[in-house]
Each structure stands twice: as structure tokens, then as C-alpha cells.
Protein chains: 2
Amino acid sequence: MARILFLVGPDYEDIELLYPLYRMQEEGHETTVAAPSHEPVKGKHGYTVKPDKAFEEVDPAEYHALILPGGRGPERIRNNEHVKRIVRHFFQQGKPVAAICHGPQILISAGVLRGRKLTSYPGIKDDVVNAGAEWLDQPVVVDKNLVTARIPPDIPAWMREFVKLLREAMQ
Amino acid sequence: MARILFLVGPDYEDIELLYPLYRMQEEGHETTVAAPSHEPVKGKHGYTVKPDKAFEEVDPAEYHALILPGGRGPERIRNNEHVKRIVRHFFQQGKPVAAICHGPQILISAGVLRGRKLTSYPGIKDDVVNAGAEWLDQPVVVDKNLVTARIPPDIPAWMREFVKLLREAMQ
């Protein structure tokens, strides 16, 4: 059993939170959703999630992996200092990180992308490149601890690779 | 690789279609979404799916398993004669069937529930019982080929059991 952390902001892309959230639960893992406060957060399509923690309460050392959904949520939380602190921990420790769509905006602001290979929503490709990374137009890119995808139809490939990486990391 | 059929009507519960759709693709299966016509169908939360087939074009013998999402879609398609024909095939052949939330309304109208054990959205419990079945208040109920669940938070348990059943059926 692993402990999986999600970082969520308002107007997240609903399926990009709900699929990996339920998928990790299906695997038998414990999921924690962190958000700006304890107030419920609503996705672009109206699904609502009740956060388990506020960002400032999160000790990232307690978690085995990090998942960053997309939508408009990442832009709303990328400047938060606790978000940056949390994300840097996972990269410093080489723990599995999954990001999709606009999720990599958070990785840009945390300053963890130099020299990395990834994909993202095509609209932020130039920002990813300007952060020092190589951008690839593929359904899923696996680069060491980082598993990225572009859009919701990539979710099956994205989670197939992330589940595999997580199983290896937990052995 | 299995071929998986989904029956979808307008105002389906988005996550109850999208999770199993992507989950089956993650498993490497081929998914087919059937609907009243070839027109795109919109879920309650605004996600849209482009049907692969109209109900009348479906030969159920071509598929290994059937999935029935919930929401308001099932009530909109339960009286369709082709829907009933398709559903009866899966029960006559004992092929895996997954249904959630209001999905069992389709099973009621197809007349396949007598003597079966299942769960559903609690609001249609009495209809399930009047159709000759035993209703259980559990996240997931597995009764031979039939795997049922109540509401979206049951999805992890629902799909965990369905993936297991499908793997056994495909051996």
C-alpha cells in the first residue's frame, strides 16, 4: 500500500483528477487530496472534491508519489510556496510523479524541469521548453521518476505507465 | 485483448462512463460505445462522447463484456428494443456485465434480474426488488457474471472486481 498525494486547484479538469484518484484507490493505495484550503474545490465540469489537507499542512515525506491533474487548476496554485516546496521534495527524492495537461505548469514554477523530457497540453509546450526541458508529442512520456501526458484521451497510457512505475518503486 | 461494449444514453453520469472506458483501454482492450444514433452524446457534466455504433447496428456476439454507466442515460434507453436484445445476449451467454448507479434500470427492462443479487443507486432499490432480485447495500456486488455498484465513490471497488472477472473469463 502506497500513500499518494494530489495537488488540486479550482477548475481542475475533472477526469484528470477523478481517474487517477479512483485508479490509485483501485490499486489499494491511500489517496490524499491537498488544496489551497479545506474548502471544497470544484472542477471545470462541476464535480467537487473535499480536500483532505491544505497545502501548508502537507509533509511530503509522508507520501510515496505525487499526481498533478490539469485543467485551469495548475495556474491557480503554481505560485503557492508550499506547492513548490512539496513538488521539489518528490524530485529531490526521485519519487514517482505523474502530471497531465496543464499539470506541468506547476513543475515549471517549482524549477524542476531543466534537462528533463516530458509532454504536456500542447498550448504550454513553449513554456516547458523555456524551462529547460525537451517537449515530446506523445501520449505518454516516462523520464525516470516523471510520467507525463497531454490530454484526457492519453489517460489510459498515462496511468498504465504510472501504475507500472509505482509498483517498481514500492518493491 | 477483449472487445468491450458500452451502452450510453443522453445525460449519463460522466465519470461512470469515462472511468471504465479508459480503464478498459488501460488494460489493452478495444472499447465500443453504442448510443441511440451516431450523434454525439453529452453527459450530465458536459463531457461528450462520439458513438462508434448505433444500437441497431450492434451484434452483441462480437463482444466479450458489457458495461452500463449510470446517470439519467439508462432511463432514456431502457425501452429501446435493441438495447434489450443486446443485454439479453450477455446474460444468456454468461458474459461479464458491469452496471452502476441507474445502469440496472436497463437490466430491469431487459428482464434479466429474476433471482439475481445486485446493488444499484439506492433510489431504484424498490424497482430492482420488484424485478425479482435481491438488493444489497454494498460498494460492489459480484453475482456470477454480474458486477454492480451504487455510486461514483464505489468505482474503485467496482472496477477492481470487474477487471478480475474479465481476466478470468478471457483465460
Please work out if B:D154 is within 14 Å of chain A (Cβ to nearest Cβ) and either within 28 Å of B:M1 (Cα to Cα) or part of a helix (DSSP H, G or I) (or both). yes
Per the filter on the stretch B:1-20, residues more than 8 Å from chain A (Cβ to nearest Cβ), more than 12 Å from the chain's Cα centre (by Cα) and either of a type in the set (G, A, S) or within 14 Å of A:I155 (Cβ to Cβ) (or both) are B:A2
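State all residues of the stretch A:85-141 that are among the basic types (K, R) and buried (at least 19 other Cβ atoms within 10 Å of the Cβ); if no residue qualifies, say none.
Taking the stretch A:85-141 first, the residues among the basic types (K, R) are A:85, A:88, A:95, A:114, A:116-117, A:125.
A:K95, A:R116 - these are the residues of the stretch A:85-141 that are among the basic types (K, R) and buried (at least 19 other Cβ atoms within 10 Å of the Cβ).
Taking the stretch B:21-56, which residues are more than 10 Å from every other protein chain (Cβ to nearest Cβ) and under 13 Å from the mean Cα position of the chain (by Cα)? Outline the logic, then answer.
Of all residues in the stretch B:21-56, those more than 10 Å from every other protein chain (Cβ to nearest Cβ) come to B:30, B:32-42, B:48-56.
Result: B:T32, B:V33, B:A34, B:A35.
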For the stretch B:157-171, what are the residues that are small (G, A, S) and more than 12 Å from chain A (Cβ to nearest Cβ)? B:A169
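Quick one: count up the residues across the stretch B:34-43 that are touching an Asp or Glu at 6+ places or on another chain (Cβ under 8 Å) and surrounded by fewer than 19 Cβ atoms within 10 Å (Cβ to Cβ).
Initially, the stretch B:34-43 is screened for residues touching an Asp or Glu at 6+ places or on another chain (Cβ under 8 Å), giving B:34, B:42-43.
Subset that is surrounded by fewer than 19 Cβ atoms within 10 Å (Cβ to Cβ): B:42.
Summing the residues that are touching an Asp or Glu at 6+ places or on another chain (Cβ under 8 Å) and surrounded by fewer than 19 Cβ atoms within 10 Å (Cβ to Cβ) in the stretch B:34-43 gives 1.
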So for the stretch B:124-141 (the condition being in contact with a Pro (Cβ under 9 Å, 6 or more places away or on another chain) and touching a residue at least 40 places away in the same chain (Cβ under 8 Å)), does at least one residue qualify? no
Note on the stretch A:84-101: residues in contact (Cβ under 8 Å) with a residue 60 or more places away in the chain and within 11 Å of the chain's Cα centre (by Cα) are A:V87, A:P96, A:A98, A:I100, A:C101
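Which residues, counting only those in the stretch A:135-149, are among the charged types (D, E, K, R) and either in contact with a Gly (Cβ under 9 Å, 6 or more places away or on another chain) or within 9 Å of chain B (Cβ to nearest Cβ) (or both)?
Correct list: A:K144 only.
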Would you pick out the residues in the stretch B:55-74 that are surrounded by fewer than 17 Cβ atoms within 10 Å (Cβ to Cβ) and in contact (Cβ under 8 Å) with a residue 24 or more places away in the chain? B:E56, B:A61, B:E62, B:R72
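Any read-out appearing in this document is the output of simple, stated calculations on the displayed coordinates, not a laboratory observation. Remember, predicted model here, so these are calculated numbers, not experimental data. Neighbour counts are summed over all protein chains in view; Cβ atoms, including those assigned to glycine, are modelled from backbone coordinates with ideal geometry.
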